[in-house]
Amino acid sequence: MEPVNIFAAKTKTINMEPTSPQDLPIWNFDGSSTNQAEGCNSDVYLHPVALFRDPFRKGKNKLVLCETYQFNHKPTGTNTRKSCFDVMDSDDVKNLHPWFGIEQEYTLLDKDAHPLGWPKGGYPGPQGPYYCAVGTGNVFGRDIVEAHYRACLYAGVKIAGTNAEVMPAQWEYQVGPCEGIDMGDHLWMSRFLLHRVAEDFGIKVTFDPKPVPGDWNGAGAHTNYSTQPMRDEGGMKYIYEAIERLSNRHDYHIRMYDPNEGADNKRRLTGQHETSSIENFSHGVANRGASVRIPRQCAEDGKGYLEDRRPSSNCDPYRVTEAIARTTIPQL
């Protein structure tokens, strides 16, 4: 897979309508132009792994998510899906039916990289009226958000909702619940669709976890997680066991939760603006300033899921979900 926030696409015509990735041939591309291979040995293989309907061409057209492989048929350095798939496909994990849901925050920018709708050379009013807002002057870019939502629904991406976020020009959508490897596949496709939709509007998208320095909220990819025992009666016991295991590997998760192994998240996880400190692990019921939050409803029901609030908005969902599974499932 490509590094976070870098998306590539090319088109191929075939003489039949595929119904699964297995119907499609292995293809290739020039890896030297994407820093995935050397010019003297530049071919990188594309292995189809997931199929979605194409909301732009429609009809029989498909969007195909691919893994990348080197000339020796080993995964490229950017192919984090293969390792994640091996974990999710193991019996120890499959038997627990892990569900994930990721809350993807992002910011819309003008072509000059200034936040959409912000005064040129200045700032809008302080945060407060923008979260889940409606109305001119409170939200910016809703036409892009609505078009993206419809594109995801048409494609078959498991998009679950959307809302305006705390910082003006910042939005969020949620993908899930997805089981196992599907979480990474659906989130990557949703990001591709967002960039593709915004392209039609002449607007940029950034997943930077702190796009505007200062007293403005950053952007995360809060990750909701549960296994079957957590969702069953008495599941709170297993939720707290998972939290205990997460607390013992805080540094590992910080490295896995942004593409620069914590450097990006350091700008965001300050202990302010509804974040925990990057230095310390914490948890609590309904606490949005904690590393891991237990939703109030789950605490009342005695079962449900946990929310890991540490992943950055530009995280690699394959690395995030693999790390959570490896830490919380003791057999791994």
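Here the sum of -39500 (n - 2.57) over DSSP H runs of 4 or more residues, divided by the residues of the chain, equals -8000 deg cm²/dmol at 222 nm, to the nearest 500. Extending each Cα 7 Å along its Cβ direction at Asp92 and Lys120, get the distance between those two points in nm, one decimal. Here the modelled spin labels are 5.8 nm apart.
A 1.4 Å probe, protein heavy atoms only, puts the accessible area of Leu51 near 50 Å².
A 1.4 Å probe run over the chain, with the rest of the protein chains in place, finds 46 Å² accessible per residue. In sequence order, region 215-229 has phi-based couplings of 7, 10, 5, x, 10, x, 9, 3, 10, 8, 8, 7, 10, 4, x Hz under the Karplus curve 6.51 cos²θ - 1.76 cosθ + 1.60, θ = phi - 60°, and Gly or Pro positions carry x. Taking amide H atoms as placed 1.01 Å from N in the peptide plane, the amide H of Ala50 lies under 5 Å from those of Leu65, each 5 or more residues away in sequence or on another chain.
Sites listed here are trypsin sites (Lys or Arg not before Pro) in region 226-332 whose DSSP assignment is loop and whose Cβ has at most 14 other Cβ atoms within 10 Å: Arg288. Applied to region 46-63, the Karplus parametrisation 6.51 cos²θ - 1.76 cosθ + 1.60 on θ = phi - 60° returns per-residue 3J(HN,Hα) values of 10, 9, x, 10, 8, 10, 9, 6, 8, x, 9, 8, 6, x, 8, 6, 10, 9 Hz, with x for Gly and Pro. As a ratio to 2.2 N^0.38 Å, the alpha-carbon radius of gyration computed for region 75-124 takes the value 2.07. In this label model, Asp301 and Ser33 are separated by 4.9 nm, measuring between points 7 Å along each Cα→Cβ vector.
With 20 Å bins beginning at zero, the pair-distance distribution over Cα atoms of the chain amounts to 30, 59, 11, 0 %. Centre-to-centre, using Cα atoms only, region 261-309 and region 122-197 are separated by 21 Å.
Rounded, prolate or oblate for region 283-332? Axes are the square roots of the Cα gyration tensor eigenvalues, ordered a ≥ b ≥ c, and the cut-off for rounded is a/c under 1.5. The shape class here is oblate.
The values are calculated or read from the model by the stated rules, or taken from the named source; none is laboratory data. The structure displayed is predicted, hence computed values, not measured ones. Backbone-built Cβ (ideal geometry, glycine too); neighbour counts: all protein chains shown. Accessible surface areas use protein heavy atoms only, side chains included; no ligands, DNA or RNA. Shrake-Rupley method; radii C 1.70, N 1.55, O 1.52, S 1.80 Å.
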